[in-house]
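Engineer: The following block contains the structure, expressed as structure tokens.
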Amino acid sequence: MNILHEPGAPSGNGTIPLSVPVLQGNEWNYIKECLDTGWVSSVGSYVDRFERDLAAFVGTKHAVACVNGTAAIHVALLVAGIGQDDEVLVSTLTFIAPVNAIRYTGAWPVFIDSELDTWQMDPQAVAEFLDQDCEVRNGQLTNKQTGRAVKAIMPVHILGHPVDMAPIMDLAKKYDLVVIEDASEALGAQYKGQNVGAIGDIATFSFNGNKIITTGGGGMLVTDNPDFARKAKYFSTQAKDDSLEYIHHEIGYNYRLPNVLAAMGCAQLEQLGKYIEKKLEIATRYQGAFSRTEGITPLPEAKWADSVFWLYTILIDPEVCGGDSRDLLRYLRAHRIQSRPLWQPAHLSPAHQYSLQRACPTAERLNAQAISLPCSVDLTEADQTRVIDAVLAWRDGAN
Ligand SMILES: *Cc1c(COP(=O)(O)O)cnc(C)c1O
């Protein structure tokens, strides 16, 4: 494996990387202050500030920093009371983390297909599952096929674009389900003018190296519910009830974000507005180059959405282009341009073969056709032109 080609790692030898962190604000100053004062571990003023600043940005009352985004999702499920043999509806076209986190609790994923228009969780598919495949038994919404209790919906806002949340919130209300937004890829995106992360009952973010802002590794849980917030802090600090005598009433986790990383988060958050502007500029240039090119479908943006275009992605129609997305990936690699397919849809994942099998044809089609292009916030116009020219040259028969 060539480490230079891993997302999040800087790339050498003239290769244009997919997405790398840019650390040009107060990162050094704030981290140095942690080192100088010795406040490097899981309590400290930067943890408090990062939680306060992120909650203020998203528009929630509470935020709890976690060691990574996956841990934040795990904790969100725990505080929502999800456990053994419950079921959680989740987007099938997603990075695997939310699906794995559902299994950590002993619950099971119910895979929901994507909408063709937005590539996001299809609210119609959610409605069909709840209306047709479930019934109330002893006061509990139950999956008729598995007999398991259906407890929550986890829409994943992929690629910086929001899920169509209104119908999902209506269904959650109708069926008394908790909504946990996985907003890892969409910090700053808006749905009908409202920030993602402030719509469901709980939401989570990731600050992994290739996310919109990074702490190296890190995550955050946000909520308006004070009880959820208190429990999230509790579960993420080993469920410690008495810090002098070390008394624990529950099995907790060591999921707190170290202060030294929170310091980096504070510095990154200061630059988020600038980063989003850059992401939009990059997306606008790509849209301009590809929107009238037959055989290439650029990442959509719904009328009701303000996307942050996290990983700029296009669909390749092999019938028209004479080669598929993987051919393009190899062509770009030969031209020292890093690109990447989207994730294998979770319903096809061997890791989740024992979960209920459901047909998700749209996600499969998107997976076959999608390819993400370089979109680091420091991508130069010249490098972007190189990417565009290479894609168009391939499309016009260089393959
Ligand atoms: C990155 C990501 C996560 C997990 O984040 P980590 O911080 O890497 O644990 C979860 N969900 C989605 C959709 C992601 O893209």
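Engineer: Quick one: in segment 262-399, what % of C-alpha pairs are over 20 Å apart?
Structural biologist: Percentage above 20 Å: 53.
Engineer: Further, regarding this structure: Can you bin every Cα-Cα distance in segment 138-198 into 5 Å intervals starting at zero and give me the percent of pairs per bin, rounded to whole numbers?
Structural biologist: Final binned percentages: 4, 18, 24, 20, 14, 9, 7, 3, 0.
Engineer: Could you give the C-alpha radius of gyration of the chain expressed as a fraction of 2.2 N^0.38 Å, taking N as the number of residues it contains?
Structural biologist: For the chain, the normalised Cα radius of gyration is 0.99.
Engineer: Any lysines with Cα under 19 Å of the K211 Cα? List them, leaving off those in the same chain fewer than 8 positions away.
Structural biologist: Counting by Cα, and skipping residues close in sequence, K211 has these lysines nearby: K274, K278, K279.
Engineer: Above 22 angstrom, tally the Cα pairs of segment 327-399 and express them as a % of all pairs, no decimals.
Structural biologist: Every Cα pair in segment 327-399 considered, those over 22 Å come to 39 percent.
Engineer: Next up: Dividing the alpha-carbon radius of gyration of segment 1-151 by 2.2 N^0.38 Å (N being the number of residues), what value is obtained?
Structural biologist: 1.40
Engineer: In addition: State whether segment 83-151 is rounded, prolate or oblate according to the following rule on the C-alpha gyration tensor (a ≥ b ≥ c being the square roots of its eigenvalues): a/c under 1.5 gives rounded; otherwise a/b larger than b/c gives prolate, and the remaining case gives oblate.
Structural biologist: oblate
Engineer: Describe numerically, in nm with one decimal, the distance between label points set 7 Å from Cα along Cα→Cβ at S291 and at R230.
Structural biologist: Reported label-point gap for S291 and R230 is 5.0 nm.
Engineer: On a full-extension model of 0.36 nm per residue, what is the gain between D170 and R326, subtracting their alpha-carbon distance, rounded to one decimal in nm?
Structural biologist: 52.3 nm
Engineer: Continuing with this model, one more query. Rounded to the nearest 20 debye, what is the charge dipole size of the chain about its Cα centre when +1 sits on each Lys and Arg Cβ and -1 on each Asp and Glu Cβ?
Structural biologist: 460
Engineer: In Å, the Kirkwood hydrodynamic radius of segment 155-282 over pairs of distinct alpha carbons?
Structural biologist: For segment 155-282, the Kirkwood estimate is 16.2 Å.
Engineer: Are any of the pairs K61/K173; K174/K233; K61/K174; K151/K233; K173/K231 more than 27 Å apart by Cα-Cα distance, and if so, which?
Structural biologist: K174/K233, as the Cα separations exceed 27 Å there.
Engineer: Show me 27-38, 56-67, 260-271, 322-333 ranked by packing, highest mean number of other Cβ atoms within 10 Å first.
Structural biologist: Top to bottom by mean Cβ count within 10 Å: 260-271, 56-67, 322-333, 27-38.
Engineer: What ranking of M165, M121 emerges when the number of other C-beta atoms within 10 Å of each C-beta is taken as an exposure proxy, fewest first?
Structural biologist: M165, M121
Engineer: Within segment 46-89, which residues have the backbone N less than 13 Å from the label spot 7 Å out from S243 along Cα→beta-carbon, could you tell me?
Structural biologist: Those under the cut-off are 48.
Engineer: Please work out the Kirkwood hydrodynamic radius for segment 63-106, using every pair of different C-alpha atoms, and report it in angstroms with one decimal place.
Structural biologist: 10.8
Engineer: With each pseudo-label sitting 7 Å past Cα toward Cβ, what's the L280-R386 distance in nm, one decimal?
Structural biologist: Each label point lies 7 Å from its Cα, and together they span 2.8 nm.
Each reported figure results from applying straightforward, stated rules to the coordinates on display, with no laboratory input. Since the structure is predicted, the reported quantities are computational estimates derived from the model, not experimental observations. Note that each Cβ is placed from the backbone with ideal geometry, even for glycine, and that neighbours are counted across all protein chains shown.
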